[in-house]
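Working notes for the structure below.
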Amino acid sequence: MAVWQDRSQTKKTGGKTRSYRKSRKHDKGNEFSEPSVGEEKRIKKRTQGGNQKSVVKRAETVNVSVNGDVKNAEIEAVEENPANPNFVRRSLLTKGTIIQTSEGKARVTSRPGQDGVVNAELVEE
């Protein structure tokens, strides 16, 4: 099923809005890319203007910020995900996810499905 980023077709009152133009291709959105923990895999997606966006499908390493230094650490497990509790069981990575790394617990600060990289900062316990 297609995802549309267009305005709602119903008003606050419950009535229907009148169309002022046909639907356009740029109104169409994308499905959730579901970046997960596993063997590294990235894909390229075509974006508006013929540009390309790198999307993480699976990641096994993360760039962790430790007191201003950036270290590359292994992702061991997904601990908590405020976006959706089911994402923990499926080991999905989104912004704000708490992950267990070789450096300790870290919070993902990037958007892996948008940025094409997994960045995180250590969480003080």
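None of the figures in this text is laboratory data; all of them are computed from the coordinates on show. Quantities reported herein were computed from a predicted structural model and do not represent experimental measurements. Every residue, glycine among them, receives a Cβ derived from its backbone with ideal geometry; neighbour counts consider all protein chains shown.
Could you order the peptides 15-27, 79-91 from most to least packed, using the average number of other C-beta atoms within 10 Å per residue?
Numbers: 15-27: 8.4, 79-91: 13.5.
Most protected by this proxy first, the peptides run 79-91, 15-27.
How much net charge surrounds residue 87 when only the other residues with a Cβ under 13 Å from the Cβ of residue 87 are counted, with Lys and Arg +1 and Asp and Glu -1?
On the way: positive: 89, 90, 95; negative: 34, 79, 80.
Surrounding charge for residue 87 is 0.
What are the semi-axes of the equivalent ellipsoid of the chain, taken as the square roots of 5 times the eigenvalues of the Cα gyration tensor, listed largest first and rounded to whole Å? Working shown, then result.
Working: eigenvalues 244, 62, 32 Å².
Square roots of five times the eigenvalues give 35, 18, 13 Å.
Considering only region 1-119, what is the antiparallel percent among its DSSP beta bridges, to the nearest 5?
Beta bridges within region 1-119, antiparallel portion: roughly 90 percent.
Output ³J(HN,Hα) for region 90-100: one whole-Hz value per residue in order, computed from phi by the Karplus curve 6.51 cos²θ - 1.76 cosθ + 1.60 with θ = phi - 60°, and x for Gly and Pro.
Rounded to whole hertz, the list is 8, 6, 8, 10, 9, 5, x, 5, 8, 10, 8.
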